[in-house]
Amino acid sequence: MIQIKDLHKSYHMGSNSLHVLKGINFTVEEGELVSIMGSSGSGKSTLLNIIGMLDEADKGSYTLDGVVIKDLNEKIAAKYRNQFLGFVFQSFNLINYKSALDNVSMPMYYQGLKRKERTDRAMHYLEKVGLADWHHHLPSELSGGQKQRVAIARALASEPKVLLADEPTGALDSTTSYEVMELIQQINDEGKTILIVTHEDDIAHMTKRIVNLKDGVIIKDENVNQVKAKAHV
Amino acid sequence: MFNKERWNEILEALNANKFRTFLTAFGVFWGITILVLLLALTNGLKNGVTADFGDFATNSMFMWTQGTTKPYKGLPKGRYFNYKIDDVEAIKAEVPNLKYVSPRNQLGGFRGNNNAVRGTKTGAFEIYGDYPEFIKQQPMDILQGRFISYSDINAKRKVCVIGVDVIKGLYDKDEDPLGTYIKINGVNFMVVGTFKMANSQGDNEQDANTIYIPFTTFGQAFNRGDRVGWMAITANDEVSITALKQQVFDLMKSRHKVHPDDERAIGHFDLSEQFERISGLFSILTIVGYFVGILVLASGIIGINNIMLIVVKERTKEIGIRRALGATPGMIKGQILQESLILTILSGMMGVSFAALVIWVMNAILDNAGPVENFANPSVGMQVVFVALIILIVSGLLAGLIPASRATKMKPVDALRTE
């Protein structure tokens with residue numbers, strides 16, 4: 001699903017240049033649930049942003065679902081993001097003046113779906129994350145765990161190939177974290193490819209494979225025995 | 001671009017901060033209100049001033065005689081002369097492009113003595129000897145009967161057409177003046193018509209205080225013979241009387257043995273020239289109105305531009321989210337532009353409506369309080385509304401342009417990172 005070869009990325013701040021990714025080689029198959037770990041500054045978020053086409057690599061190749069991601073202009077990047085990817089963020093990033101239903105509908109709006117179809121599909125995914133009854137609530141009226149579940153529903157709504165989650169549990173207490181992870185595991189069990197960036201060990205062990213990043217290189221990449229989040233809840 | 005979904009998005013965004021939206025809109029609202037009001041007031045001033053010209057055909061001049069100031073062909077200077085009725089025929093024959101040449105004679109006038117008698121009632125009126133064409137130069141509403149006709153002229157009938165104030169002065173209420181007789185300077189005239197000035201203002205008292213009788217009758221009854229007091233000459237619409245008048249003067253000078261360079265022998269008043277001068281003044285006033293109005297509007301537009309920049313800055317993260325979810329820069333730009341457009345047009349149209357209300361109130365007050373000198377019926381035409389609309393659309397786009405490009409300049413990843 002994802003093939004990354006010799007990926008480099010540096011940031012320039014004035015005269016200083018910061019080499020964040022120093023040659024990443026990395027492949028994800030369809031249906032995998034991968035966590036990317038590392039301390040802050042290890043480059044894990046940068047990697048996820050490049051995979052998410054929110055940022056561009058300086059060097060190296062990136063193929064997503066057979067499509068070479070290269071020399072994107074913003075318009076095409078937006079189209080690919082919309083088609084291939086669903087994002088889940090640490091800070092949820094819901095639009096605060098839109099109801100849960102409208103938030104979930106938004107990617108489909110950009111896909112150009114009709115209103116009725118959007119609403120139907122959004123309701124379907126809200127049901128899936130267990131928040132159908134909350135569809136008319138604004139984000140400010142939801143708890144953190146609920147917000148993240150709305151965000152997951154939104155990420156799923158565009159029916160992406162890959163779900164990218166940047167510290168999805170970073171702003172949640174452990175009980176809610178496990179609830180969210182249970183949902184993520186459930187979605188993965190249904191066959192969706194999911195990448196999670198995290199620095200929490202227990203969260204990482206709820207995935208099937210852990211990639212460890214340090215100073216811009218992968219130092220460890222291993223399959224692990226998945227801990228079912230259900231056990232903790 | 002103009003689908004329902006986009007509209008909902010925009011209304012949602014504008015509704016998210018109602019008070020600010022309102023304040024922003026107010027700048028444009030105020031600007032367009034002032035623009036429209038300025039134009040309306042200019043128009044009111046113009047209406048008021050041009051009303052002083054009355055309805056007299058503006059492409060006209062009046063021409064009379066003054067004493068000569070140069071000796072010529074053995075005739076001394078300081079000689080007085082009169083136009084004759086055959087001068088009229090000569091002008092008509094020799095000067096092309098003239099529409100009407102009306103010779104006129106007058107009795108009475110400013111502070112005149114009583115000159116009309118009916119039974120026990122008397123009055124001082126202005127009595128004119130005129131040709132039938134005169135009603136085309138000076139439009140008036142015939143209330144009863146008719147105006148002077150050519151058969152009156154030819155038969156030198158003693159008939160008259162009287163103004164409403166004459167009726168007031170010489171008749172009892174509910175009396176029918178048609179067919180009755182009025183004695184003017186001792187000569188009886190039958191009333192064949194009554195008139196009032198068409199939508200006149202200010203001077204209507206004087207205008208309606210008038211009696212018209214056939215020119216030929218006037219000459220005979222009041223011992224003028226074939227002399228002509230003065231002439232009212234109107235040119236065809238496509239030619240200015242100002243361009244033609246010299247030909248008329250030259251003709252008159254040669255017919256009356258006046259030195260060709262004697263500028264003061266013939267007096268005239270060029271209505272067209274005066275009217276052009278006033279129209280020119282008001283064209284400039286209108287331009288000033290637009291100029292000042294657009295400047296005021298510009299500050300409103302800058303307000304919108306400013307607030308849209310703030311909105312874009314505030315919504316940097318939201319824009320980042322939208323882009324992460326698949327919004328193209330074009331969509332984001334389109335939305336910002338459309339927001340600023342809607343804000344501008346909506347508030348602008350509200351401004352136009354408000355200005356219309358103010359104009360309406362002004363007119364209502366004017367109607368109730370009676371005419372004000374040099375000011376009447378402030379109003380703007382539909383074309384002003386369209387011009388305003390175009391100005392609003394253009395300025396709305398301008399106001400949105402910078403914020404829209406600002407909105408998509410940041411990389412989505414940086415936009416997402418802002419708090």
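I need the full set of residues from region B:285-330 which are in a helix (DSSP H, G or I), farther than 13 Å from B:Ala407 by Cα and within 14 Å of another protein chain (Cβ to nearest Cβ), in order please.
Hit for region B:285-330 is B:Ala324, nothing else.
What are the residues in region A:126-166 that are away from every other protein chain (no Cβ under 14 Å) and part of a helix (DSSP H, G or I), if any?
If the condition is that a residue be away from every other protein chain (no Cβ under 14 Å) and part of a helix (DSSP H, G or I), then A:Leu126, A:Glu127, A:Lys128, A:Ala132, A:Asp133, A:Trp134, A:Glu141, A:Gly144, A:Gly145, A:Gln146, A:Gln148, A:Arg149 are the ones that fit.
Anything in region A:57-73 that is outside any strand (DSSP E or B) and among the β-branched types (Val, Ile, Thr)? List them, or say none.
Residue satisfying the conditions is A:Ile69 alone.
Counting just the residues of region A:112-125 that are crowded, with 17+ Cβ neighbours inside 10 Å and farther than 13 Å from A:Leu156 by Cβ, which one comes out farthest from the other protein chains (Cβ to nearest Cβ)?
Within region A:112-125, the match that is farthest from the other protein chains (Cβ to nearest Cβ) is A:Thr119.
What residue, of A:Gln83, A:Gln90, is within 8 Å of another protein chain (Cβ to nearest Cβ) and either of a type outside the set (Ser, Thr, Tyr) or assigned to a helix (DSSP H, G or I) (or both)? Show your work before the answer.
Details: A:Gln90 fails: within 8 Å of another protein chain (Cβ to nearest Cβ).
None of the other options fit; the residue is A:Gln83.
Could you say whether any residue in region A:36-56 is within 14 Å of chain B (Cβ to nearest Cβ), surrounded by fewer than 23 Cβ atoms within 10 Å (Cβ to Cβ), not in a helix (DSSP H, G or I) and not hydroxyl-bearing (Ser, Thr, Tyr)?
yes
For B:Glu205, state whether it is surrounded by fewer than 21 Cβ atoms within 10 Å (Cβ to Cβ), outside any helix (DSSP H, G or I), under 25 Å from the mean Cα position of the chain (by Cα) and at pLDDT below 90.
The answer is no for B:Glu205.
Of the residues that make up region B:53-66, is at least one at pLDDT 85 or above, surrounded by 14 or more Cβ atoms within 10 Å (Cβ to Cβ) and farther than 20 Å from B:Gln247 by Cβ?
Among the residues of region B:53-66, not one is at pLDDT 85 or above, surrounded by 14 or more Cβ atoms within 10 Å (Cβ to Cβ) and farther than 20 Å from B:Gln247 by Cβ, which makes the answer no.
Restricting to region B:369-410, what's the tally of residues that are among the hydroxyl-bearing types (Ser, Thr, Tyr), within 14 Å of chain A (Cβ to nearest Cβ) and part of a helix (DSSP H, G or I)?
From region B:369-410, those among the hydroxyl-bearing types (Ser, Thr, Tyr) are B:379, B:395, B:405, B:408; that's our starting set.
With within 14 Å of chain A (Cβ to nearest Cβ) added as a condition, the list becomes B:405, B:408.
Applying the additional criterion that residues be part of a helix (DSSP H, G or I) yields B:405.
Total satisfying the criteria: 1.
Taking B:Val248 as the residue in question, decide whether it is in a loop (DSSP other than H, G, I, E, B), assigned by TED's automatic domain parsing to the domain that holds B:Ile85 and in contact (Cβ under 8 Å) with a residue 60 or more places away in the chain.
no
Pick from region B:240-254 the residues that are within 30 Å of the chain's Cα centre (by Cα) and loosely packed, with under 15 Cβ neighbours inside 10 Å: which of them is modelled with the lowest pLDDT?
My answer is B:Ala243.
Say whether the condition of being under 31 Å from the mean Cα position of the chain (by Cα) and assigned to a strand (DSSP E or B) is met by at least one residue in region B:105-112.
Checked region B:105-112: at least one residue is under 31 Å from the mean Cα position of the chain (by Cα) and assigned to a strand (DSSP E or B).
Please give the number of the condition A:Leu72 fails out of (1) on the phi > 0 side of the Ramachandran plot; (2) without any contact (Cβ under 8 Å) to a residue 40 or more places away in the chain.
So the condition that A:Leu72 fails would be (1).
Going through region A:94-111 one residue at a time, which ones are part of a helix (DSSP H, G or I), within 14 Å of chain B (Cβ to nearest Cβ) and touching a residue at least 24 places away in the same chain (Cβ under 8 Å)? So that I can check it myself, show each step before the final result.
So in region A:94-111, the residues part of a helix (DSSP H, G or I) come out as A:100-111.
From the residues that got through so far, the ones that are within 14 Å of chain B (Cβ to nearest Cβ) too are A:101-111.
Scanning region A:94-111 gives A:Leu101, A:Asn103, A:Val104, A:Ser105, A:Met106, A:Pro107, A:Met108, A:Tyr110, A:Gln111.
I'd like to know if region B:70-81 contains one or more residues that are within 21 Å of B:Gln220 (Cα to Cα) and not polar (S, T, N, Q).
Quick first cut of region B:70-81, residues within 21 Å of B:Gln220 (Cα to Cα) only: B:81.
Now narrow it down to the ones that are not polar (S, T, N, Q): B:81.
The answer is yes; a qualifying residue exists.
If B:Lys77 satisfies all but one of (1) surrounded by fewer than 13 Cβ atoms within 10 Å (Cβ to Cβ); (2) assigned to a loop (DSSP other than H, G, I, E, B), what's the number of the condition it fails?
Checking B:Lys77 against (1) surrounded by fewer than 13 Cβ atoms within 10 Å (Cβ to Cβ); (2) assigned to a loop (DSSP other than H, G, I, E, B), the one that fails is (1).
Only one residue in A:Glu32, A:Glu74 is facing chain B (nearest Cβ under 9 Å) and charged (D, E, K, R). Which one? Working first, answer last.
On the way: A:Glu32 fails: facing chain B (nearest Cβ under 9 Å).
From the options A:Glu32, A:Glu74, the qualifying one is A:Glu74.
In region A:178-195, is there at least one residue being modelled with pLDDT of 90 or more, within 14 Å of chain B (Cβ to nearest Cβ) and out of contact with any Cys (no Cβ under 8 Å at 6 or more places or on another chain)?
Taking every residue of region A:178-195 in turn, none turns out to be modelled with pLDDT of 90 or more, within 14 Å of chain B (Cβ to nearest Cβ) and out of contact with any Cys (no Cβ under 8 Å at 6 or more places or on another chain).
Does B:Val413 satisfy the condition of being away from chain A (no Cβ under 14 Å) and either more than 30 Å from A:Val162 (Cα to Cα) or assigned to a helix (DSSP H, G or I) (or both)?
For B:Val413, the condition - away from chain A (no Cβ under 14 Å) and either more than 30 Å from A:Val162 (Cα to Cα) or assigned to a helix (DSSP H, G or I) (or both) - is not met.
The values are calculated or read from the model by the stated rules, or taken from the named source; none is laboratory data. None of these values were measured; they are calculated from a predicted model. When we count neighbours, we look across all protein chains shown, and the Cβ atoms used for this are built from the backbone with ideal geometry, even at glycine.
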